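What follows is one structure encoded as structure tokens, with my remarks underneath.
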Amino acid sequence: MRNPDFLHLGRKNMQDHGALLALVLLVVYNLLFTPSFLSLQTLNVNLTQITTIVIVGVGMTLVIATGGIDLSVGALMAIAGTLAPLIYLNVPGPMGMAASFVVPLLITAGCGCFNAWLVTSFRIQPIVATLVLFIAGRGVAQVMTNGNLLPFDSQGFSLLGKGYVLGIPLQVVLMVAIVGAASWALRRTLFGSYVVAIGSNERAAWLTGIPSARIIFWVYAICGALAGLAGMITVSINSASDANQNGLGMELDAIAAAAVGGTFLTGGRARIFGTLLGAMIIQLMRYTLLAHGVPDAAAMVFKALIILIAVGVQRK
């Protein structure tokens, strides 16, 4: 007869350490069977792909921890990635450079506040509320560029995606800083405690005096701003703005990274470092499949299986 305590302990260990174990197994497999896995080019490609998933995933993790979801992050990446070059090209001098960094982040943070307003004021389910910008946001970005590719190779702006700090890519430095700050905030601040409390039981949190609506506004605003930052990094890497492709499918990658990393999709638990591990697993799995001749379309199937496994492990 199975011991319930043993099963509970096993499930808890899987929730806490399953992502790390899966990542180690993937790395070991590639070390043994994938040629040139340790090359600098391979490392650079994987880091470039992981960075934007993690940055968006951190914001998504905060939203999910409150019991919500944000389907609009991919569209917000497209909006920020379109606004940045348009502002830079039309506003001359240092003012244009500064505005091209700041204004897109403010706009996407405001879009996040719009999502939060629908959720808190009208009690619309988050998946429905964020579907509005999921559909309309990319359309707005496409209208701004008439659906055309916008070349943009500014030396100053390109530092965001191609610059280095002490030999480390700037985008990786930003990713580590964001992961560290978010992890610290969740563990050490009242804001973090409130986020988890709202996700566990919003009604009970409100009754204990937690300003639920204000916290939700902040969470969605942060998620929107981080999506905007990821969109600008993508434009900087590609030296072009493509409203049709920038952030396409990113909402699914961010949700998958959070789920695989141990964040409960029902809210009440957030694992920022786990989201980093989840993003690494998703990217490394995709790289492994491509390196062994498996079509990229098949990677979507494996990604779905990983999400199913993660949800199964989370099941109480």
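Remarks
- Test: residue in segment 58-67 that is in a loop (DSSP other than H, G, I, E, B), at positive phi, of a type outside the set (S, T, N, Q) and at pLDDT 95 or above: yes
- Listed by position, the helices (runs of 4 or more DSSP H) contained in segment 92-155 that have at least 1 residues being among the aromatic types (Phe, Trp, Tyr) are 93-121, 131-145.
- With respect to the conditions (1) in a helix (DSSP H, G or I); (2) buried (at least 24 other Cβ atoms within 10 Å of the Cβ); (3) not aliphatic (A, V, I, L, M), ASP70 lacks only one, and its number is (1).
- Among the candidates LEU166, LEU207, LEU174, LEU160, residue that is within 30 Å of PHE122 (Cβ to Cβ) and out of contact with any strand residue (DSSP E or B) (no Cβ under 9 Å at 6 or more places or on another chain): LEU207
- Test: ILE216 is buried (at least 24 other Cβ atoms within 10 Å of the Cβ), part of a helix (DSSP H, G or I), among the aliphatic types (A, V, I, L, M) and in contact (Cβ under 8 Å) with a residue 60 or more places away in the chain: yes
- Annotation: of all residues in segment 298-308 being within 21 Å of the chain's Cα centre (by Cα) and farther than 14 Å from ILE255 by Cα, the one that is modelled with the highest pLDDT is VAL301.
- Residue that is in a helix (DSSP H, G or I), on the phi < 0 side of the Ramachandran plot and touching a residue at least 12 places away in the same chain (Cβ under 8 Å), where the choices are ILE210, ILE233: ILE233
- Members of segment 23-39 found to be in contact with a helix residue (DSSP H, G or I) (Cβ under 9 Å, 6 or more places away or on another chain) and hydroxyl-bearing (Ser, Thr, Tyr), listed by number: TYR29, THR34, SER36
The values are calculated or read from the model by the stated rules, or taken from the named source; none is laboratory data. If you're wondering where the values come from, they're calculated on a predicted model, not measured in any experiment. As a convention, Cβ positions derive from the backbone with ideal geometry for all residues, glycine included, and neighbour counts pool all protein chains shown.
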